[in-house]
Amino acid sequence: MTAPTWIRHLSTARRYAAAAASFFRRPWARRARIGAAVALISIGGVVIGTMLFAHANINVGPFRAEMSISPSIQGGTEVDIPPLGSLHLDSHDGPIHLKVNLASLDQNRTEALIDDPSAISNAGENAVDDVRMGVIRLGVRALGIAVLSAMILAALIFRNVRRVAAAGVTALVVTLGSLGLAAFTLRPDSIAEPRYEGLLVNAPAVVGDARRIADNYGRYADQLQQIVSNVSRLYTTVSTLPVYEPEGNTTRILHVSDLHLNPSSWGLIRTVVQTFDIDAVVDTGDMVDWGSSAETGYASSIPSIGVPYIYVRGNHDSGAIQAAVARQRNAVVLDNSITTVDGLTIAGIGDPEFTPDKSETPAAANADDPATSPLLQSGERLTQTIQQSGKPVDIAMVHDPAMAPPLSGVVPLVLAGHLHHREVSLMAAPTPAPSAASAEPTTSPSSTGAPTQTRLMVEGSTGGAGLRGLEKEEPTPLSLSVLYFDENHQLKAFDDIQLGGTGQSNVEMQRNVIGQESPPTPTPSTS
């Protein structure tokens, strides 16, 4: 390229630059830049304000629901309903997403409903109207927050009254347009075709019959209002059973078991912990299904319980799962060891068998032989640990009740799981060994030094047996129990709580006072 040619190209570039500069210096171009900046700041303020502050609390029967909206390309509605999971509805189009969380219960409202029996049924019937009014309130709140956020952000950037006002008008138009689009495209029939998340998040191949699971889940769509009424009846049952009134020095322990990777179990546990003022949670194992490293994240919800969490390993829990539980700040893993929680001394040992390939381990031919049964051998090891500790133990925790016989007469209470149904019984007194007269005396487990008659309490499945609970015609109910101990660490009463499995809305509860419960096992009464 010759020098004159290079100079001509440079001159041409300068002319284009001067023309562009002249173009952008024109008044209308400057106004366009300012308008674009105002629009961008306004939309940013709308997004920030909506995400941070566009939420409202409403009362839906006994529920204290939190509703919120957030920017979204696809729109839609998400309804979290512990302990069943969440519903995702294609309810509307537009750039906003509605979320309704029904995770908490308002005890004052449920107690108020008790005084008016007709209000319990009306609570379910009025649930739809309550939600509709909540959505309207949330929309008005979001509109005000969006306009205010946009104006504040514009004031910080432009420091010009006209531009701040323009930002407010823009935010008003954008927010009204988004809410209007959602209202215009509202599809009330979307409740008939929800997308469920929760128990169905695992691969269908794990359990086989995916169609049957989906059909069982579909039964729940027609019973949303009934759940509101039945939760109220649960509190009615509690209030009308004044047989045992816990005193101020009562220790409340929540017994859970066999969560089987149900993500909704944590919401149920948190609700019971808060409602019944629980001091600690004891988990008798089978927290997951397969014991894989991919399942270790399930234990990360333990800190959200907010109270000490005592755990023993089940036959579906691997060493990796046990280690994941031990890493949680409020968790205590017992594996042939003893701990003290709120004055109660608790011993526990993990299941010696790891059999994640089947939901129940068939009894071996030599299951009753202590010399060859690994379950009985584990029970013997825990018995020796308790006796060598030299102090009375109030509770022993095992996963499989087949591990419990060696503990009979050693501790007053044994907690177990594994069977996926509730059983309460008094264990047979241990047969004295022939050499007992000549043997050295061992430390008695009871505070009085007398032999203790042992009560065995087998918990149902707090996770509804996980995905396996949906393979049957009748879903496995979600079960957990509240145990009441007095200042002498003696069990005085227990509440058995049972929620109908997925597809059902019944709630059952029975209060059992020690010495007054019906032998041999309590039978829950439908509330």
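The values are calculated or read from the model by the stated rules, or taken from the named source; none is laboratory data. All values derive from a computational prediction rather than experimental measurement. We place every Cβ from the backbone using ideal geometry, glycine too, and count neighbours over all the protein chains shown. The accessibility values were calculated without ligands, DNA or RNA, using every heavy atom of the protein model including side chains. Shrake-Rupley method; radii C 1.70, N 1.55, O 1.52, S 1.80 Å.
In the stretch 148-191, what percent of the accessible surface is made up of carbon and sulfur (1.4 Å probe, ligands and nucleic acids excluded)?
73
How much of residue 152 can a 1.4 Å solvent probe reach, expressed as accessible area in Å² and rounded to 10?
90
Once you place label points 7 Å from the Cα toward the Cβ at residue 300 and residue 160, how far apart are they in nm?
Modelled inter-label distance: 4.6 nm.
Please give the charge dipole size of the stretch 268-351, origin at the Cα centre, charges +1 on K and R Cβ atoms and -1 on D and E Cβ atoms. Round to the nearest 20 debye.
So the magnitude is around 240 debye.
Stretch residue 293-residue 136 to full length: gain in nm at 0.36 nm per residue minus the Cα-Cα span?
Length difference between fully extended and current span is 52.0 nm.
So, in nm, how far is label residue 59 from label residue 342 when the simple model puts each one 7 Å beyond its Cα toward the Cβ?
2.8
Identify the residues of the stretch 374-418 with backbone N under 16 Å of a label point that sits 7 angstrom from the Cα of residue 490 along the Cα-to-Cβ direction, or state none.
393-395, 411-413
In whole Å, largest first, what are the principal axis extents of the Cα atoms in the stretch 278-344?
35, 26, 16
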